[in-house]
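The values are calculated or read from the model by the stated rules, or taken from the named source; none is laboratory data. Predicted model only: the values in this text are computed from it and were never measured. Cβ placement follows ideal geometry from the backbone for every residue including glycine, while neighbour counts extend to all protein chains displayed. For the accessible areas, the whole protein counts, side chains as well, though only heavy atoms, and no ligand, DNA or RNA atoms are used. Shrake-Rupley method; radii C 1.70, N 1.55, O 1.52, S 1.80 Å.
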Amino acid sequence: MRDVAIVAFAQTAHRRRTDELSEVDLLMPVLHEVLGATGLKANEIGFTCSGSADYLAGRAFSFTMALDGVGAHPPISESHVEMDGAWALYEAWVKIMTGEADTALVYSYGKSSPGEVRDVLTRQLDPYYLAPLWPDSVALAALQAQALIDAGDTDEAALADIAARSRTDATANPHAQLTGDIPVGDHLVHPLRTGDCPPIGDGAAAVILAVGDTARALCARPAWIRGIDHRIEAHSLGVRDLTDSPSTRLAAQHAGAFERPVDTAELHAPFTSQEVVLRKALGLGDDTRINPSGGALAANPIMAAGLIRLGEAAARIHRGESDRALAHATSGPCLQQNLVAVLEGESAHA
């Protein structure tokens, strides 16, 4: 086993619309920032991996155009996942663990503003029984929220408290799209109100991974990846208990999250009700700081929000604000696919 760490993280200031920017325009400042933080040049990166979705861009193989942001020269070892960038990070981590690279650049991006995200995300659903009904992402999240309320796990007031806490915490995050006192709002799809749902916006993020002494040379306090794993639920929503997330729990178990308490958890919970599910699945108590960045309720660029959770957790370790942090990413309806990573600072490892 090799020691692999996140040594740098950068993200855009997330905005509702970036009509004047292409995906390349969105990415280039982030890529320059993350490389500048380490002093690495493009030819010193051993592997590059990206995460995005052609459905958002509206054209096939859109990620090949985004590669212009990385540069045409020198030639690179490159890969792409049609997923959130958190899964691109997992692929890069595997590449480094096999010894095929010592450093990796991981980036992801999403421009949600050009289309109707609620409709686009229906294409993730079972194509025979569910997708033809066109249940959108908010309606499905509302089903999950109602199941939690019916089970006695939460209520609308508790969900409003989660939203208020997240947006209050986001006031300290210069990259957040929504901050401060956001109204609870009217019901969007009962029982979810507008304040329970994530903003629609555009954004990008990037991290650099490095191994062993290379990581120590590039970063004063690397965020070591002590464990990382991802699991998936059944595709059909009708055979799942929407009040629980066994795939999150299993991924956390294999990542070593239950071996010792974590002081910080960056949870990819686009809806307030999903934080309830994740906290229960991960056994997180009041002594764990949840989403100090504001989480996906403050900024939720599709295909980048999960990578941002990993980056935000790592950045807190870099700054000495956390010793052992958990980062979570999700994809698909109602927490269908889940990735969990445990990050530690150097002192915790020693």
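What tally of residues in region 10-42 results from selecting those that are closer than 29 Å to residue 211 by Cβ, assigned to a loop (DSSP other than H, G, I, E, B) and of a type in the set (S, T, N, Q)?
Qualifying residue count, region 10-42: 1.
Can you list residue pairs whose Cβ atoms sit under 6 Å apart, with the first residue in region 302-323 being among the hydroxyl-bearing types (Ser, Thr, Tyr) and the second being at pLDDT 95 or above? Count only pairs 6 or more apart in sequence or on different chains.
322/263; 322/264; 322/316
Matching residues to (1) touching a Lys or Arg at 6+ places or on another chain (Cβ under 9 Å); (2) crowded, with 22+ Cβ neighbours inside 10 Å; (3) at pLDDT 95 or above:
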position: 249; (1), (2), (3): yes, no, yes
position: 267; (1), (2), (3): yes, yes, yes
position: 271; (1), (2), (3): no, yes, yes
position: 307; (1), (2), (3): no, yes, yes
position: 312; (1), (2), (3): no, yes, yes
position: 339; (1), (2), (3): yes, yes, yes
position: 343; (1), (2), (3): yes, yes, yes
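Which number in (1) open to solvent by 60 Å² or more (accessible area, probe 1.4 Å); (2) closer than 17 Å to residue 339 by Cα; (3) at pLDDT below 95 marks the one condition that residue 238 misses?
In the conditions (1) open to solvent by 60 Å² or more (accessible area, probe 1.4 Å); (2) closer than 17 Å to residue 339 by Cα; (3) at pLDDT below 95, residue 238 misses (2) alone.
Kindly provide the set of residues from region 182-200 that are touching a Lys or Arg at 6+ places or on another chain (Cβ under 7 Å) and crowded, with 24+ Cβ neighbours inside 10 Å, ordered by number.
Passing the criteria: none in range.
State whether one or more residues within region 189-198 are more than 24 Å from residue 143 (Cβ to Cβ), in contact with a strand residue (DSSP E or B) (Cβ under 9 Å, 6 or more places away or on another chain), modelled with pLDDT of 95 or more and in a strand (DSSP E or B).
Among the residues of region 189-198, not one is more than 24 Å from residue 143 (Cβ to Cβ), in contact with a strand residue (DSSP E or B) (Cβ under 9 Å, 6 or more places away or on another chain), modelled with pLDDT of 95 or more and in a strand (DSSP E or B), which makes the answer no.
Just for region 167-181: of the residues that are at pLDDT 95 or above and more than 25 Å from residue 116 (Cα to Cα), which one is least open to solvent (accessible area, probe 1.4 Å)?
It comes out as 170.
Which residue pairs have Cβ atoms closer than 6 Å, lie 6 or more positions apart in sequence or on different chains, and pair a first residue in region 271-295 that is in contact (Cβ under 8 Å) with a residue 40 or more places away in the chain and under 24 Å from residue 319 (Cβ atoms) with a second residue that is open to solvent by 10 Å² or more (accessible area, probe 1.4 Å) and not in a helix (DSSP H, G or I)?
Going by the 6 Å Cβ cut-off, the qualifying pairs are 293/173; 294/173; 294/176.
So residue 322 fits all but one of (1) open to solvent by 10 Å² or more (accessible area, probe 1.4 Å); (2) over 30 Å from residue 190 (Cβ atoms); (3) in a loop (DSSP other than H, G, I, E, B); (4) not charged (D, E, K, R); what number is the exception?
Checking residue 322 against (1) open to solvent by 10 Å² or more (accessible area, probe 1.4 Å); (2) over 30 Å from residue 190 (Cβ atoms); (3) in a loop (DSSP other than H, G, I, E, B); (4) not charged (D, E, K, R), the one that fails is (1).
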